[in-house]
1. For G76, all conditions in the list (1) surrounded by 14 or more Cβ atoms within 10 Å (Cβ to Cβ); (2) closer than 19 Å to S3 by Cα hold save one; what is the number of the exception?
2. Output the number of the condition that R75 fails; it satisfies all remaining conditions of (1) part of a loop (DSSP other than H, G, I, E, B); (2) out of contact with any His (no Cβ under 8 Å at 6 or more places or on another chain); (3) of a type in the set (K, R).
3. Can you tell me which of L21, L44 is closer than 15 Å to S68 by Cβ and touching a His at 6+ places or on another chain (Cβ under 7 Å)?
4. Out of (1) under 12 Å from the mean Cα position of the chain (by Cα); (2) assigned to a loop (DSSP other than H, G, I, E, B), what's the single condition that is false for L49?
5. Those residues that are outside any helix (DSSP H, G or I) and either among the aliphatic types (A, V, I, L, M) or farther than 18 Å from L44 by Cβ (or both), I need them from segment 121-138; list them, please.
6. In segment 88-103, what residues are surrounded by fewer than 19 Cβ atoms within 10 Å (Cβ to Cβ), in a strand (DSSP E or B) and in contact (Cβ under 8 Å) with a residue 24 or more places away in the chain?
7. For F13, only one of the following conditions fails: (1) closer than 23 Å to L142 by Cα; (2) exposed (fewer than 15 other Cβ atoms within 10 Å of the Cβ). What is its number?
Amino acid sequence: MASYSTNNSTIRFLSWNVKGLNGPVKRSRVLSHVKHLSADVAFLQETHLRAKDHKRLKPPWIGHMFHSNFDIRARGVAILIRNEIHFSLTKLIADKNGRYLIVVGTLMNNPVVLVNIYAPNFDNTLFANNLLRMIPDLDTHLLIFG
């Protein structure tokens, strides 16, 4: 867990490889733990959710939810932003292979680029180089990785 202080407020960030969210009990426990930790922004990796499965996160999670998924129950990343945290989306880039998610916007009136990565588990410089080229606004926005 990391935090960032700005304008008399602190934003708490959590990055977590959840190793699958398909089971209702595990999904409930993970989201409860995110809330218990008072995470304002949660970067979840290896969600294993397909596009149609992400609606299962919405009822228990109150706030913004962005995701990148794969077509089978593997990979997948999500960024959850608590409802009480002011966020305005400018741009969303979601990898079709469920490996990364780039969310550009303003978080508590600060321009940010939120990047969540579930990288291949082997040394792949091509993946890293391509991802870095995809990230916009590096010179004007705060960059936060999960």
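1. (2)
2. Every listed condition holds for R75 apart from (2).
3. That would be L21, the only listed residue that is closer than 15 Å to S68 by Cβ and touching a His at 6+ places or on another chain (Cβ under 7 Å).
4. Condition (1) is where L49 drops out.
5. Hits for segment 121-138 are F122, D123, N124, I135, P136, D137, L138.
6. L89, K91, L92, I93, A94
7. (2)
No value in this document is a laboratory result; all are computed from the given coordinates. Everything quoted here is computed from the prediction, not taken from an experiment. When we count neighbours, we look across all protein chains shown, and the Cβ atoms used for this are built from the backbone with ideal geometry, even at glycine.
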